[in-house]
Amino acid sequence: CIPIYLIHWPDPNTPIEETIEALCKCQDMGKIQHFGVSNFPLPLLKQAHSWHKIPFVELQYNLVDRSSEIELLPYCLTEHINVFAYGSLAQGLLTGKYDVNTKFSQDDRRHRLPHFQPDTLANNLSITDKLNKLSQIYNKKVSQVAIRWLLDQPGVSAAIVGAKTPEQTEMNIAAFGWHLSEQDQEYLNSNQNY
C-alpha cells in the first residue's frame, strides 16, 4: 500500500474528475492510503478539491521563488491542505556555494533556470548573503537556515530536499529542532539589512 500518492503534473487530456475517481477506487482497493496533487494551478486545485478533499499539495517554494504565497499557500491554509515544498534550496542556490562567477555547463539544467540568470542572480545572491549572516548567528549551515525558514512558514508541512551524500542528508536533518526568531524571519522576508 502506498501511503501518499501524488499526481506529479496535471494531465491536460484527462478530466480531473476522472483522475480523482480512479484514485478513490485505488483507495477503496487498499492500494493507496491518501493522494494529493503537485504543480496544479489554483483553479484546477479548487476543482479537484471540490470532487474529493485533497489533503496534500506539492509545490515549488523557497526564499527565491515565493510565487505560491500569492494564491496557492493562502488557499491551502484556508482549506487545511498540507503543503510539501519542493525546490527548497533553489537547486543549490540557497546553499551558499555559488556566486556571480559561477558558470554551469550546457548539460547542467541550472544554466537555463531563471534564478541563475545574470539579471536575477545578483538579487538572489543577496538572499544567500542574508542566510550566511544568520547561519553564523545560529551556528548552522546556510542550507539549514534556508530549510528552517521554509519549515517555519505557515501551512508548510514538509520541505523536500535532495541529497547526494549521507553527509548532506545529515546536514539537512539538522534544520530540525530549532526555529528562527520572528525578527530573523522578518529579516529574510524583507529588503532590510541586518
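Were the residues from residue 2 through residue 120 laid out at 0.36 nm apart, the gain over their Cα-Cα distance would be 38.5 nm.
Counted by Cβ distance under 10 Å from residue 145, the other residues give a net charge of +4, where Lys and Arg count +1 and Asp and Glu count -1. Please give the helix 42-51 orientation as an angle from the longest Cα principal axis of the chain, in degrees from 0 to 90, rounded to the nearest 10. Between helix and principal axis, roughly 40 degrees. Mean residue ellipticity, 222 nm, helices only, the chain: the sum of -39500 (n - 2.57) across DSSP H runs of n ≥ 4, divided by residue count and rounded to 500, is -12000 deg cm²/dmol. With both labels modelled 7 Å from their Cα along Cα-to-Cβ, the residue 110 to residue 51 distance reads 3.8 nm. Under a Cβ-Cβ cut-off of 12 Å, what is the net charge of the residues other than residue 77 that fall near it, where Lys and Arg count +1 and Asp and Glu count -1? With Lys, Arg at +1 and Asp, Glu at -1, the net is -3.
Using Cα atoms only, what is the angle between the long axis of helix 16-28 and the major principal axis of the chain, expressed in degrees (0 to 90) to the nearest 10? Taking the Cα atoms of the chain, the angle to 16-28 is about 80 degrees. Amide H contacts for residue 7 (H built 1.01 Å from N in the peptide plane; partners 5 or more residues away or on another chain; cut-off under 5 Å): 36, 37, 38. So what's the angle, to the nearest 10 degrees on a 0 to 90 scale, between helix 142-151 and the longest Cα principal axis of the chain? Taking the Cα atoms of the chain, the angle to 142-151 is about 40 degrees. Here's the picture: charge each Lys and Arg Cβ at +1 and each Asp and Glu Cβ at -1 in the range 43-194, and of 190, 143, 70 the one pushed furthest to the positive end of that dipole is 143.
With 23 Å as the limit on Cα-Cα distance, the pairs of 53/164; 103/140; 97/130 that go past it are 53/164; 103/140. Near residue 184: Cβ cut-off under 15 Å, other residues only, Lys/Arg at +1 and Asp/Glu at -1. The net charge is 0. Annotation: per residue accessible area for the chain equals 57 Å², rounded to a whole number [probe 1.4 Å, protein chains only].
The values are calculated or read from the model by the stated rules, or taken from the named source; none is laboratory data. Predicted, not measured: the structure shown is a model, and the values here were computed from it. Neighbour counts run over all protein chains shown; Cβ positions are idealised from the backbone, glycine included. Accessible surface areas use protein heavy atoms only, side chains included; no ligands, DNA or RNA. Shrake-Rupley method; radii C 1.70, N 1.55, O 1.52, S 1.80 Å.
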